[in-house]
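Nothing in this text is a laboratory measurement; each read-out follows from the coordinates by a stated rule. None of the values given here were measured: they were computed from a predicted structure. Glycine gets a Cβ as well: all are built from the backbone with ideal geometry, and neighbour counts include every protein chain shown.
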């Protein structure tokens, strides 16, 4: 600024007194760069011309040592243990008082020190010759008399004497190199010693003459910077003291949402200004988010830790949605049956809701080797407990797996019919009937089940959390009347995934202070600062606020929330490995050999393949013989019934029987091709014979 003297930062900080802080300084010599910016404690800092800094504290950090001869600089820590000797100045002093003024004050080691005079000194009847060394022992001060220094003088033949020399004595005095040694702490604590030159008390570096200057760590704050800056005073910038001209300048400190939430309750309501907008990849999807721009003002009404729930739509929808809903939501819900795709999901749900009842929605065939029972659509099961199921095994070792014990529930109509039949037949009740009504479902079994609900009540959101365990499927049957547009209405099914306590800030825009929304502190990254602006309503007449209780969130929010939950969940069990017996392995090998043989028999040459086709289309299969029996084709058994099918006699397949009959006819009537053992030529010849006999058949008809 005009009319002010600019000083290097190092010199200005060294001249400061701790008692005069804080001081406001302004950078006035361009931009300081080291590389591109100056990095301090992991944060990038650069000072530009015109920047204002409020210096709040200085702390001695190290000592800069500069060699006078080659201008080499190096730094030593303040706790360095080395010692230094004062290097005497070559400049003469005119009086003894001037010579003493450069000695350190308050140090025990400041005396004695030695000086010489190039001219003789006459003290009454005593005359001291030129070049005589005088060692100052003490300073004599008497009231009404001039201060003197008591000096020790070495005479001839080791004769010594003490003389008193007035401080006003004039002459040409020079300081001699003494034996005093100082530490860096002592030198930096004495302003008189800081201006002297020193030699390092070390045989290797004793000849180097050094100038010592302190390096301070400066603690300062800047406007729009969040943390206190800490930088060394050795930065090569010039500054000017503007404390008197900038007393009213406000240094704004940005606050994160967490820091705003930590403010006392008395700080609210208040008007704040946004300094840093939320990141583009925000975890929230709401209308008010796009209006949180830089320098936008907000009204923070209050802070609170609210109970909330996390809702999600069905996974089958094209776009799955997620919502964070306050438990003060005014809509009503009705429970929806949950769907399960495995027995393990039934087990997990039954732990939280004992007595769970489900209905089977897809048939399941029985697999005896794996312990899978048969289930029919419409069957109702009641979960009893987790048990063990022993699997059938051909070996001696029995294998058991975890299974869910379920009780089959009969339809009331079916139960009445059964009772009537029992009364008509007069048969007694089978004591083992209860056992047959129970079924064991292995936890690794896949299936399709739907929950059976027995109530049709309407619930508030907070009541659902108290009466039922999560997760829970619900549907909104009545909207929240306080919301202009309830996004939950119309969704076919919602799942309450989890409940949580969320710190929030209730906020609104100054143009519409009554329309409030809740900012989740932990899920939004932005900064703001409290302003001194007045609230947009008269004192004591705060408007009645309407708060948006539903906040749509992204799938990233949902995944991050799930990460914070129980990450040590046990995966569902796997089905056991089946040990194949020797017979099954041999059958498997024989069946594989037969398959390879059939594939070998079917391989034909290109010429033979062309002979079996007509217009590049395969010929249809020949009709069955006239005496073929009308028998239905056999039902193909499952893979696990291979052994049973081999033991019994399956009905012959019609097509197979027909093909064998045609082969017999061909083998009897047509000579085989000596070059090939395939039956393609036989079929061709048979068809040719049938075509030649077609006129006879027509005439016979």
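Arrange the peptides 320-331, 245-256 so that the one whose residues have, on average, the most other Cβ atoms within 10 Å appears first.
Values: 320-331: 19.5, 245-256: 13.7.
The densest-packed peptide leads the list: 320-331, 245-256.
Between residue 138 and residue 499, what is 0.36 nm times their sequence separation minus the Cα-Cα distance? Round to one decimal in nm.
Working: separation 361, 0.36 × 361 = 129.96 nm, distance 8.25 nm.
Full extension of this stretch gives 121.7 nm more.
Quick check on the range 315-361: what does the Kirkwood estimate of hydrodynamic radius come out to from the alpha carbon pairs, in Å? Don't jump to the answer; show the numbers that get you there.
On the way: mean 1/r = 0.0723 Å⁻¹.
Evaluated on the range 315-361, it is 13.8 Å.
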Per principal axis, largest first, the Cα atoms of the range 253-314 extend in Å by 43, 27, 16
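Pop the C-beta distance of residue 4 and residue 250 into the FRET formula with R0 = 22 Å and round what comes out to the nearest 0.05. Could the numbers behind the result be given before it?
Values: r = 22 Å, r/R0 = 0.99.
My answer for the efficiency is 0.50.
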Rounded to the nearest 0.05, FRET efficiency between residue 29 and residue 515 (Cβ-Cβ, R0 56 Å) equals 0.65
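Between residue 265 and residue 153, what is 0.36 nm times their sequence separation minus the Cα-Cα distance? Round to one decimal in nm.
Working: separation 112, 0.36 × 112 = 40.32 nm, distance 7.73 nm.
Gain on extension, residue 265 to residue 153, equals 32.6 nm.
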Computed from the beta carbon distance with a Förster radius of 56 Å, FRET efficiency for residue 374 and residue 293 to the nearest 0.05 stands at 0.30
